[in-house]
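Here is the structure we will look at, set down as structure tokens.
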């Protein structure tokens, strides 16, 4: 291997890089917390490396690379500080647009999981990356974490390699609309409680922090738990894809809090319908979340996009949205149903596969285009 | 032209024909009131003709033909009594499945419009036509009348040739599920009022009759206004595709009843939102219609399938469904959103085109399959 | 039915109509000999009828209608002189583009078969129809006659209803390129002999006449056997889709000429390969046909497009083309292979179905675009 | 990162791995010379690593990973000996099918380029990998090297990241037919000479060696230049996709051999057609190559599949095939034209993109299925 002797080291702050995804931009190294979080540079030169720091306890991060907008690479990241070559041996004069992105969701179950960017090595020079036409924020669960978008149908292991931002409806929608995007998602979590009735595992509880679902000292140091500065990036639309796990909770056993000894459950009545009071607290959670989003994003369209797994909560969700709109007089909130996954579109782990993401992305992009234009 | 001397005349009652679509089966000739209404025969022989009687004042009926399940022909029908050749010169021994179907919706605006079947001429013999696996009833507006499914994008004339059952989501869904189907639809009508605020132009008002939206003596004699015998054909699912015109009414001027002198209008508030009391009477109409359908179809799934034109009434419709379910404890009613028409899928007269019907049919068929299996 | 009292009769010559397909334009009524042959008018007014004269002995003609470029109608035509309504009740001011076209191939087996246009009835006025960007001539067999493009897979009857120009690759290609088109085709015929070894049933033998495969006094009177005036319509490309029946002949028994008592056959050797001398006369026929086409179309690209049924004659055809090019120094002749029909794309009568025509049309249109632009 | 203490090292010979692609199986470590070359294991356990040795001077190798048949990962490989984790943290009991494959073509221009497999680390046990239904060998140029299948349309750099086996028609065909496959390809090379008239850069010259286009001592030691043992793997079909560069040579300047001082060129005549004697030597090369392939693969179908870039050499290639067939009486050689790349299907570097590969793969797979079944 012939070494390139002309490489210079650039801390990320000196690369005019564009940062995608909520993070604490005062940090050094820069954490990529969420799936779809990325650093994007415009750079000349023949060669580019990224200087990373990675760790995890159980669940390793995965990252991907696109060049001039085209998917190039996707790989597992091992622990350690090391550099990865992003391109080499190219025409030195052309400006290459390079996006290095996190494939794996933020990992609430692995406090050691982090993917940090120190800087770049290059023999070229950096120029700034312009903003896209729109800004979109997506809040979701395993679907928005891209679970099921890689891997064979028969896969049943819950491992990072089957999650992605690269085959993800949220990213497809953003590409179709020429939008910058930020994803907040967590597999198993709901708008009110988790798939197995954990009342604390819901996205609203962490919505106002940078990456509030992370725990542990390291993540705290990395800024994950800091309040998120909404004024820094006001989205044109916030898309919520939640409800699938809240529906599941009704069918799962109670969860017993090992700390408090309390237990928690969303109940079904003997006739199989939802317990009205349990349903009410779910709807209240939806209403509160809408209010919370509106409080922080005064001008955004808010679209509750639901149905990629199944349609079970369509009526409770729409009812809560209607109630919220009536109370708040908010006229920029709507509901969009996405097509449920079928045998033909299912991916690994019984989750929506790439075809399901493509189909939903098309419908959602069409709808957002009609709102935004 | 060499004439076939072996043809025998068979009144329709002697052909073991299967009748599709609500009609008065005691009539002779047999009226085909609705689009998708049809006579279907299994017949041997080399040649088959149908003996028709057609009339209209302004809007001529159109009819289509399928042979062994494949689309063969579609044509305008002029007034008069005459016969049409459905096939000729075929292998005499094989059983041919022939469906002669009405393309044009029932025509509330043309009392003279009728398409009547007297019988068939054949040199073969008839055998019975088995039922399909499921029975589906569709209730809708111009979308279910297939308006826009034929004709160039630029067409603006409201004429029968642009309406169909042959490129219609309802028929596509039924084919996909191996279902017999009955369509009740009327362009411009709603669940509560018409697109231009006529309070009498709604499908619930005629739901319990054979074809209650028709008027005039002739139609009365043809049995259109008789009560429909729901026990004769209990569908596995009733699909309602209404709301598009109810939304339009809010944006249209008041309608003045020339008879009573009264006027009628669904209002917008000065801030552009729906007048709550007008919205309430729309929602009440939805609730009453669901109750009416349930009363007459005790075991059917009821699916409100909405959105092919736009999503404007999603929240009011879902709220009314929720309210109906709460009141009635009915657990077999659901809401399905269908993808809105785009530049890519639009047909003639700014209505959903064939691609829009195909896309919605796929989603609806997938959903019904999950309900029915 | 309310009659339109404002209709005026226009002989076809007074309608500025555009005539599609080879015909004898000095005739009155005007014969439509070939599938895809048509009269096209631009006309205002609320209503338009066509005045037809139709006859046949065994095989009835079928016709279709498009309005402003969109397919509207397709129907069997019975014998007699009568008028058909093409549109009615439309906005009187707009110019409607109307094309009435023959679906059925010229019928060498039914001398009585003809479809003649006398004129039109209209309450509007006619304006001329501009030429399209290109002119394309297609010469072929049952594939170019659209056999198999209508009807269920299981159909086995050789009847007109399963043939078409409306679902025909040649027409699809022409639409994609904005081209006027003329089709010459006959099911069962080859470039050298028919599928069953009839040596006279080949397209070259009738290429220089208007519709030289027709027989009988009536057709002669209609001008079918007159020399075709190539100077009147010089195509940008001639597409030949022949060979499928020539391949079949090798596998069929000899044909015995009932008149001369001679028999004729293309032979296979005992080892299953083609008899070289029989193959040579086939190749010679190809070479002569290319020379004949070139003689009459000096500037046209000539594309031998083959393979929609199977690929059996690929090498003999290409070899003959190479030989022709070598001899003639002709540099505008090429070979294009089209995808063979599969279970997925087959139509009725084991012929290419609509999906096969669409797939081949795409490849052929792409290729012609690269030649013509 | 929590280390897995249960990993055991397995030299590749002890893993029952299946080796894909021509290589010297007596080597240790095992070289993966060609794109699509791979090691495939069936293994239980929670975790699997591969022990690699990589080097290159200029052009780095890329590799990909599939798990249970699904694409998982693709990455650039840096020089050195190191291990890559292929999966981790999975259910220990299930058998995982893992294929680690080379994305980059054999690199005739970089003698240092090699990708060697030493072994695996696993906490599970290995079982054998069954053969697939068919065996296919593909011989080609940059198209078969997958050049253009990754990267944006605007890319112009000739670098490994834009080549692949993972988005390659040859692999798609093999998947569709359940076939094992071996690829031999080299960008810029032809059946007779290279795109720029180098007479030595042709695939036939290296067809009888394991990877005869490689040079240098290291490659020799790795066994690349050993005779290939055809008896070890007799394909059901050999697919040749060559000709694109031979066509280019006619339009490029002469190549001057720096060693011998001789120059070489395929000429055009002043009128723009091919010089007949130059064309003859090209055709002779085709004939000789077919004979060479037949000599080594007595039972295989040989399919010359050409056209993905353009159709320029269709007639010379088919003529040479016909001539070969006539001389040899070989009845299992055929020509298949693949659709040329269009604006819609082009990838990076003006080469066929993924859509072009998919379209051609479908046609080729359909054809091979008809041959093989």
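Kindly provide the set of residues from the range A:149-168 that are within 14 Å of another protein chain (Cβ to nearest Cβ) and under 14 Å from the mean Cα position of the chain (by Cα), ordered by number.
Just the residues of the range A:149-168 that are within 14 Å of another protein chain (Cβ to nearest Cβ), to begin with: A:149-164, A:166-167.
Listed by number, the residues that qualify are A:149, A:160, A:163, A:164, A:166, A:167.
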- Query: Of the residues D:104, D:115, D:177, D:184, which is farther than 27 Å from residue A:69 by Cβ and under 13 Å from the mean Cα position of the chain (by Cα)?
  - Reply: D:184
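Pick out the one residue from C:302, C:293, C:286 that is more than 23 Å from residue D:363 (Cβ to Cβ), part of a strand (DSSP E or B) and in contact with a helix residue (DSSP H, G or I) (Cβ under 9 Å, 6 or more places away or on another chain). Let's see the steps before the verdict.
On the way: C:293 fails: part of a strand (DSSP E or B); C:286 fails: part of a strand (DSSP E or B).
After ruling out the rest, the residue left standing is C:302.
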- Among the numbered conditions (1) under 16 Å from residue A:17 (Cβ atoms); (2) more than 10 Å from chain D (Cβ to nearest Cβ); (3) not in a loop (DSSP other than H, G, I, E, B), tell me where residue A:86 comes up short. (2)
- For the range D:290-309, indicate whether the set of residues that are in contact (Cβ under 8 Å) with a residue 60 or more places away in the chain, facing another protein chain (nearest Cβ under 9 Å), crowded, with 17+ Cβ neighbours inside 10 Å and within 30 Å of residue C:355 (Cα to Cα) is non-empty. no
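What do you reckon, is residue A:259 in contact with a strand residue (DSSP E or B) (Cβ under 6 Å, 6 or more places away or on another chain) and at negative phi? I'd like the intermediate steps shown before the answer.
Details: in contact with a strand residue (DSSP E or B) (Cβ under 6 Å, 6 or more places away or on another chain): no; at negative phi: yes.
In short, no.
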- Task: Quick one: which residue in C:264, C:230 is surrounded by 14 or more Cβ atoms within 10 Å (Cβ to Cβ), assigned by TED's automatic domain parsing to the domain that holds residue C:334 and under 21 Å from the mean Cα position of the chain (by Cα)?
- Result: C:230
- Residues in the range D:89-104 that are assigned to a strand (DSSP E or B) and farther than 19 Å from residue D:57 by Cβ total 6
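With the requirement that a residue be touching a strand residue (DSSP E or B) at 6+ places or on another chain (Cβ under 8 Å) and farther than 25 Å from residue D:308 by Cα, what does the range C:331-352 give you? Before you say what the answer is, go through the steps one by one.
Taking the range C:331-352 and keeping what is touching a strand residue (DSSP E or B) at 6+ places or on another chain (Cβ under 8 Å), we get C:332-338, C:341, C:345-346, C:348, C:352.
Hit for the range C:331-352 is C:348, nothing else.
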- Task: From the list B:331, B:369, B:355, pick out the single residue that is within 7 Å of another protein chain (Cβ to nearest Cβ) and surrounded by fewer than 19 Cβ atoms within 10 Å (Cβ to Cβ).
- Result: B:331
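Looking at the range C:314-369, which of its residues are part of a helix (DSSP H, G or I), without any contact (Cβ under 8 Å) to a residue 40 or more places away in the chain and closer than 22 Å to residue C:168 by Cβ? Write out each step before concluding.
Taking the range C:314-369 as the starting set, the residues that turn out to be part of a helix (DSSP H, G or I) are C:314-328, C:348-350, C:354-369.
Remaining after also requiring without any contact (Cβ under 8 Å) to a residue 40 or more places away in the chain: C:314-315, C:318-322, C:324-326, C:328, C:355, C:359, C:363, C:366.
Answer for the range C:314-369, where residues must be part of a helix (DSSP H, G or I), without any contact (Cβ under 8 Å) to a residue 40 or more places away in the chain and closer than 22 Å to residue C:168 by Cβ: C:355, C:359, C:363, C:366.
Conditions (1) assigned to a loop (DSSP other than H, G, I, E, B); (2) surrounded by fewer than 17 Cβ atoms within 10 Å (Cβ to Cβ); (3) within 14 Å of chain B (Cβ to nearest Cβ), marked per residue:
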position	(1), (2), (3)
C:3	yes, yes, yes
C:10	no, no, no
C:106	yes, no, no
C:110	yes, no, yes
C:115	no, no, yes
- Confirm whether residue A:184 is in contact with a helix residue (DSSP H, G or I) (Cβ under 7 Å, 6 or more places away or on another chain), touching a residue at least 12 places away in the same chain (Cβ under 8 Å), assigned by TED's automatic domain parsing to the domain that holds residue A:363 and under 26 Å from residue A:18 (Cα atoms). yes
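I'd like to verify a number: residues in the range D:60-83 that are assigned to a loop (DSSP other than H, G, I, E, B), more than 18 Å from the chain's Cα centre (by Cα) and at the interface with chain A (Cβ under 8 Å from one of its Cβ atoms), how many? It would help to see each step written out before you state the result.
First pass over the range D:60-83, keeping only residues assigned to a loop (DSSP other than H, G, I, E, B): D:60-61, D:68-69, D:77-79.
Filter again for more than 18 Å from the chain's Cα centre (by Cα), leaving D:68-69, D:77-79.
Keeping just the survivors that are at the interface with chain A (Cβ under 8 Å from one of its Cβ atoms) gives D:68-69, D:78-79.
Qualifying residue count, the range D:60-83: 4.
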- Any idea which of (1) out of contact with any helix residue (DSSP H, G or I) (no Cβ under 8 Å at 6 or more places or on another chain); (2) within 14 Å of another protein chain (Cβ to nearest Cβ); (3) in a helix (DSSP H, G or I) is the one residue B:270 doesn't satisfy? (3)
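Residues in the range C:12-37 that are in a strand (DSSP E or B) and either within 14 Å of chain B (Cβ to nearest Cβ) or under 17 Å from the mean Cα position of the chain (by Cα) (or both): how many? Give the steps one after another, and end with the answer.
Taking the range C:12-37 and keeping what is in a strand (DSSP E or B), we get C:18-20, C:30-31.
From the residues that got through so far, the ones that are either within 14 Å of chain B (Cβ to nearest Cβ) or under 17 Å from the mean Cα position of the chain (by Cα) (or both) too are C:19-20, C:31.
Final tally of qualifying residues: 3.
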- Message: I'm checking my understanding of the structure. Among residues of the range C:89-104 that are buried (at least 21 other Cβ atoms within 10 Å of the Cβ) and more than 8 Å from every other protein chain (Cβ to nearest Cβ), which one is farthest from residue C:52 (Cα to Cα)?
- Response: C:96
- Mind listing just one residue for me: the one in the range A:334-352 that is farther than 28 Å from residue A:287 by Cβ and over 19 Å from the mean Cα position of the chain (by Cα) and, of those, nearest to the other protein chains (Cβ to nearest Cβ)? A:342
- Would you mention how many residues in the range D:68-95 are free of Cβ contacts under 8 Å to residues at least 60 places away in the same chain and within 20 Å of residue D:118 (Cβ to Cβ)? 13
- Query: For the range B:273-283, what are the residues that are within 13 Å of chain A (Cβ to nearest Cβ) and in a loop (DSSP other than H, G, I, E, B)?
  - Reply: B:273
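Working only within the range C:117-146, note down all residues that are within 14 Å of chain B (Cβ to nearest Cβ) and closer than 25 Å to residue C:304 by Cα.
Initial filter on the range C:117-146 (within 14 Å of chain B (Cβ to nearest Cβ)): C:121, C:124, C:146.
Residue satisfying the conditions is C:146 alone.
Would you confirm whether or not the range B:166-179 contains a residue that is surrounded by fewer than 19 Cβ atoms within 10 Å (Cβ to Cβ), modelled with pLDDT of 95 or more and on the phi < 0 side of the Ramachandran plot? Full working, then the answer.
Applying the first criterion (surrounded by fewer than 19 Cβ atoms within 10 Å (Cβ to Cβ)) to the range B:166-179 yields B:175-176, B:178.
From what is left, the residues that are modelled with pLDDT of 95 or more are B:175-176, B:178.
Checking the rest, the ones that are also on the phi < 0 side of the Ramachandran plot come to B:175-176.
Yes, the range B:166-179 has at least one match.
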- Item | In the range B:38-57, residue nearest to residue B:129 (Cα to Cα) [restricted to those that are touching a strand residue (DSSP E or B) at 6+ places or on another chain (Cβ under 6 Å) and within 11 Å of chain C (Cβ to nearest Cβ)] | B:49
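The values are calculated or read from the model by the stated rules, or taken from the named source; none is laboratory data. These figures come from a predicted structure and were not determined experimentally. All Cβ positions, glycine included, derive from the backbone under ideal geometry; neighbour counts span all protein chains shown.
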